[in-house]
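Laboratory data are not the source of any read-out in this text; all were calculated from the coordinates shown. Fair warning: this is a prediction, and the values are worked out from it, not measured in the lab. Quick reminder, even Gly has a Cβ in these numbers, built from the backbone with ideal geometry, and neighbours come from all protein chains shown.
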Amino acid sequence: MAYWKKQLPNPPYYAVIFISTRSNELEGYAEMDELTLRLATESEGFIGYESIKSGNQGIFISYWENEEAIERWKHHPVHLEAKQKGFTLWYEKFISQVCLVQSSREHLLQGK
């Protein structure tokens, strides 16, 4: 699944990569996931996201114009609440990485 608020700008920009394994304790997870996704897409500096899920594993990559936008989102009250529930309830493990994108090329292949 992917969503783009606007086209990717020319580098540099940032990618936040979130790789997770969800637990079996998912009460409230879907609602919070929907809310945080909506709020992130409305945030200043947000560019777009890509995600994939398979079973209880997932990769979510969000794209941001700059580090300041990432920091604002990192400290958003709803995002802080979601992270706390992630630590205590929803995830068995996860890794979050902030990466500077210095080069980006898109290839659209015919017939694939």
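For a test of the definition: using alpha carbon positions, the gyration tensor, and the 1.5 limit on a/c, classify segment 58-112 as rounded, prolate or oblate.
oblate
Between ARG38 and SER23, the modelled label-to-label distance comes to 2.6 nm, taking each label 7 Å out from Cα in the direction of the beta carbon. Using C-alpha pairs below 8 Å separated by at least 6 residues, the relative contact order for the chain is 44 percent.
Note on GLN110 and GLU68: their simple-model spin labels are 4.5 nm apart, each label 7 Å out from Cα toward Cβ.
Helical runs assigned H by DSSP (4 residues or longer) give the chain a calculated mean residue ellipticity at 222 nm of -8000 deg cm²/dmol, each run adding -39500 (n - 2.57) before division by the residue total. What length, rounded to one decimal in nm, is gained on full extension from LYS53 through to MET1, with 0.36 nm per residue of separation minus their alpha-carbon distance? The span from LYS53 to MET1 would gain 17.8 nm if fully extended.
Which net charge results for the neighbourhood of PRO12, defined as the other residues with beta-carbon distances under 11 angstrom from its beta-carbon, given Lys and Arg at +1 and Asp and Glu at -1? Mind dumping the intermediate values first?
On the way: positive: none; negative: GLU65, GLU67.
Taking every Cβ under 11 Å from that of PRO12, the sum is -2.
The orientation-averaged shadow of the Cα convex hull for the chain, equal to a quarter of the hull surface, comes to 7.8 nm². Computed from Cα positions, the angle between helix 29-41 and the longest principal axis of the chain comes to roughly 30 degrees.
Dipole magnitude of the chain about its Cα centre, charges +1 at Lys/Arg Cβ and -1 at Asp/Glu Cβ only, in debye to the nearest 20? Let's see the in-between values first.
Values: 12 positive and 15 negative charges, 72 e Å.
That gives the chain a dipole magnitude of about 340 debye.
So, counting K/R as plus one and D/E as minus one, what does the shell of residues with Cβ under 14 Å around TYR29 add up to? Before the final figure, lay out each step's value.
Numbers: positive: ARG22, LYS53, LYS83, LYS85; negative: GLU25, GLU27, GLU31, ASP33, GLU34, GLU81, GLU92.
Charge balance near TYR29 sits at -3.
Run the count for segment 49-112, please: Lys pairs, Cα-Cα under 18 angstrom, 8 or more apart or on different chains. Taking the Cα cut-off of 18 Å, the pair count is 5. When a/c reaches 1.5 or more, the comparison of a/b and b/c decides; with that in mind, is segment 6-62 rounded, prolate or oblate per its Cα gyration tensor? Since a/c reaches 1.5 but b/c is at least a/b, the shape of segment 6-62 is classed as oblate.
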